[in-house]
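Beneath this line is the structure, given in structure tokens, with notes to follow.
The values are calculated or read from the model by the stated rules, or taken from the named source; none is laboratory data. Quick caveat, the model's predicted, so the values are computed rather than measured. Using ideal geometry, Cβ is built from the backbone for each residue, glycine included, and neighbour counts are taken over all protein chains shown. Quick note on the areas: whole protein, heavy atoms, side chains included, nothing else; ligands and nucleic acids left out. Shrake-Rupley method; radii C 1.70, N 1.55, O 1.52, S 1.80 Å.
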Amino acid sequence: MAKQKRPPRPKAEPPRGFRDHFGSEVAERSAMLDAVAGVYHLNGFEALESPAVETVEALGSFLPDVDRPNDGVFAWQVDEDGDWLALRYDLTAPLARVFAQHRNELPAPYRRFAIGPVWRNEKPGPGRFRQFYQCDADTVGSPSIAADAEICMVLSDALEAVGIPRGDYVIRLNNRKVLNGVLDVAGLSGEAARERGIVLRSIDKLDRLGPESVRSLLGEGRTDESGDFAEGAGLADSQAGTVMEFIEARRGDNAATLERLSEIIGDNATGKAGVAELRGMAELMEAGGYGPDRVVIDPSVVRGLGYYTGPVYEADLTFEIRDEKGRPQQFGSVAGGGRYDDLVKRFTGQEVPATGISIGVDRLLAALRAKGRSSGESAGPVVVTVMDRDRMGAYQAMASTLRKAGIRAEVYLGNPRNFGNQLKYADRRRSPVAIIQGSNEVARGVVQVKDLALGARIAEGASLKEWRDQPAQFECPIGDLVSRVREILDR
């Protein structure tokens with residue numbers, strides 16, 4: 001009888017485009033989310049938690065007209081005749097469904113914030129994953145530009161709350177109505193959907209490609225460094241010139257930028273309405289203390305999603321970081337949003353005004369690490385070592401005393417026979433302190449306190465004075481355990 005082959009063992013790795021997050025990373029992200037949620041809550045937004053799974057119909061604005069709607073989302077059919085379900089692509093489409101479903105019970109306007117993971121069935125790459133966190137704030141039911149201005153001000157406060165100081169970020173503001181007006185002036189009517197789409201995507205690449213390449217994309221197209229050709233919008237020189245005047249209309253201050261936009265727009269009614277909205281938002285934010293040091297009008301801001309109908313905004317970090325080759329570059333966008341007055345209409349048939357912002361949490365964390373404002377590491381617990389198995393209850397009592405004082409602590413639960421392994425465990429846990437009590441210490445009513453953080457600094461070359469002033473290990477009465485440990489943690 002032939003010997004049966006054993007089934008192959010599964011690979012111990014996550015699916016491509018996904019990753020694991022360990023203790024310090026999770027704690028770091030939780031702290032950031034708490035800070036942002038605090039800003040949202042302070043400004044009157046209420047928390048909303050909706051399912052991670054929605055019907056494909058509810059997410060339909062992202063899906064192609066094909067039999068299996070899986071482009072951009074993770075979707076599956078419940079059974080042969082059942083509904084298609086999908087993991088949420090963002091937090092905005094679920095909000096539209098929630099508001100349409102509960103609009104008779106919800107206050108109007110409805111101000112909500114939502115925090116959680118989203119999933120996109122897109123090709124992963126460096127720093128680009130298929131699951132990531134978003135942190136949104138939206139106002140549904142208000143057509144006032146005061147709602148848009150408030151969202152920008154809340155975004156500014158949120159960035160500062162997580163450690164991005166004023167001067168290291170800027171919120172760039174534009175309006176889709178102004179852009180639509182410019183396209184009308186350039187002779188691109190709404191029927192020229194293909195050309196308008198290429199123009200929008202070309203403008204969106206200005207920061208990355210520069211004006212010359214964008215101008216090529218507005219015309220016949222461009223060939224990149226790898227030799228790949230990108231088809232252009234095919235605009236005439238005069239049309240392309242009008243678009244370039246628009247995206248380069250930013251001036252030294254918001255008032256001068258608005259004046260230049262008015263010149264380009266001329267008498268176009270749509271564009272004039274957009275300029276008026278930008279002017280009103282700038283005035284409201286100035287009155288609230290949010291001037292051009294935090295918010296600037298920038299005509300090059302487009303935002304990719306097609307459902308934006310009015311003001312659009314993007315938060316860029318302005319400080320320099322180094323790429324993998326050591327070259328200086330700006331970090332770029334960490335948040336974006338805008339007004340989307342037609343999204344709820346898909347469910348109700350009635351236009352419902354809405355505006356909101358989404359912060360890319362993982363990208364913002366990466367920016368803080370790149371700037372050295374977050375290490376991605378956190379201290380572990382105080383470790384109570386075990387010198388005598390029969391005294392486990394006493395060791396647990398010591399850990400409990402530390403916890404009651406608000407100090408994170410644990411008892412070593414591995415094999416206590418090798419004391420060196422206990423200290424190696426504490427190092428791996430990034431523990432700041434180890435507590436040691438053998439029979440000699442018990443007889444004298446003391447414990448040994450080992451300052452692991454100072455020990456690490458001594459190994460890295462701490463000064464002799466520091467070593468003498470702060471010994472890496474000392475003993476103290478058991479009654480002083482909490483105060484002496486706290487001294488080390490505070491230091």
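With an 8 Å cut-off on Cα pairs and a minimum separation of 6 or more residues, tell me the relative contact order of the chain in percent. Don't skip to the end; give the middle numbers.
Details: 802 pairs, mean separation 64.7, N = 491.
Reported relative contact order: 13 percent.
Using +1 at the Cβ of each Lys and Arg and -1 at the Cβ of each Asp and Glu in the chain, identify which of C135, G252, A366 lies farthest towards the dipole's positive end.
Going by the charge dipole, the pick is A366.
From the helices alone, meaning DSSP H stretches of at least four residues, give me the mean residue ellipticity at 222 nm for the chain, per-run term -39500 (n - 2.57), in deg cm²/dmol to the nearest 500.
Roughly -11500 deg cm²/dmol at 222 nm, from the helical runs in the chain.
Give, in nm to one decimal, the length gained when the segment between D388 and A27 is fully stretched (0.36 nm per residue of separation minus the Cα-Cα distance).
Details: separation 361, 0.36 × 361 = 129.96 nm, distance 3.32 nm.
Answer, rounded to one decimal: 126.6 nm.
Please list, by residue number, every one of the GluC sites (Glu not before Pro) in the stretch 205-306 that is coil in DSSP and has at most 11 other beta-carbon atoms within 10 Å.
Here the GluC sites (Glu not before Pro) that fit, given the DSSP loop and packing criteria, are E225.
Give a quick list of trypsin sites (Lys or Arg not before Pro) in the stretch 411-459 that DSSP marks as loop, anything other than H, G, I, E or B, with at most 16 other Cβ atoms within 10 Å.
Taking the stretch 411-459 and a limit of 16 other Cβ atoms within 10 Å, the loop trypsin sites (Lys or Arg not before Pro) found are R417, R430.
Rounded, prolate or oblate: which fits the stretch 3-158 when a ≥ b ≥ c are the square roots of the eigenvalues of the alpha-carbon gyration tensor, with rounded for a/c under 1.5 and prolate only if a/b beats b/c?
It comes out oblate by the Cα gyration axes.
Using r as the Cβ-Cβ distance of A230 and A379, and R0 as 56 Å, what FRET efficiency do you calculate, to the nearest 0.05?
E(calc), rounded to 0.05, equals 0.70.
Just tell me, in residue order, which DSSP H segments of the chain are both 20 angstrom or longer along the helix axis (alpha-carbon based) and at least 1.0 in mean Kyte-Doolittle hydropathy.
145-161
Could you tell me which of rounded, prolate or oblate describes the stretch 77-202, using a ≥ b ≥ c as the square roots of the eigenvalues of the alpha-carbon gyration tensor, with rounded for a/c under 1.5 and, failing that, prolate when a/b is larger than b/c and oblate otherwise?
rounded
Carbon and sulfur together cover what percent of the accessible area of the chain at a 1.4 Å probe radius?
The value for the chain is 48 percent carbon and sulfur by accessible area.
Starting from the Cα gyration tensor of the chain, take the square roots of the eigenvalues, sort them a ≥ b ≥ c, and report rounded, prolate or oblate (rounded when a/c is under 1.5, otherwise prolate if a/b is larger than b/c, else oblate).
prolate
Please work out the Cα center distance from the stretch 407-430 to the stretch 180-211, rounded to the nearest Å.
Distance between centres, Cα-based: 61 Å.
State the answer as a single residue: which of T92, L200, N104 lies farthest towards the positive end of the charge dipole of the chain, with beta carbon charges of +1 for Lys and Arg and -1 for Asp and Glu, about the Cα centre.
T92
Per residue, how much accessible surface does the chain expose to a 1.4 Å probe? Answer in Å², no decimals.
Value for the chain: 52 Å² per residue.
For V442 and L489 in the same chain, what is the full-extension length gain: residue separation times 0.36 nm, less their Cα-Cα distance, in nm?
Working: separation 47, 0.36 × 47 = 16.92 nm, distance 2.44 nm.
Contour length minus Cα-Cα distance gives 14.5 nm.
Please give me, ordered by residue number, the trypsin sites (Lys or Arg not before Pro) of the stretch 1-34 that lie in loop per DSSP and have at most 11 other Cβ atoms within 10 Å.
K3, K5, K11, R16
Which value in nm describes the separation of the simple spin-label points at R369 and R16, placed 7 Å from the Cα toward the beta carbon?
2.3
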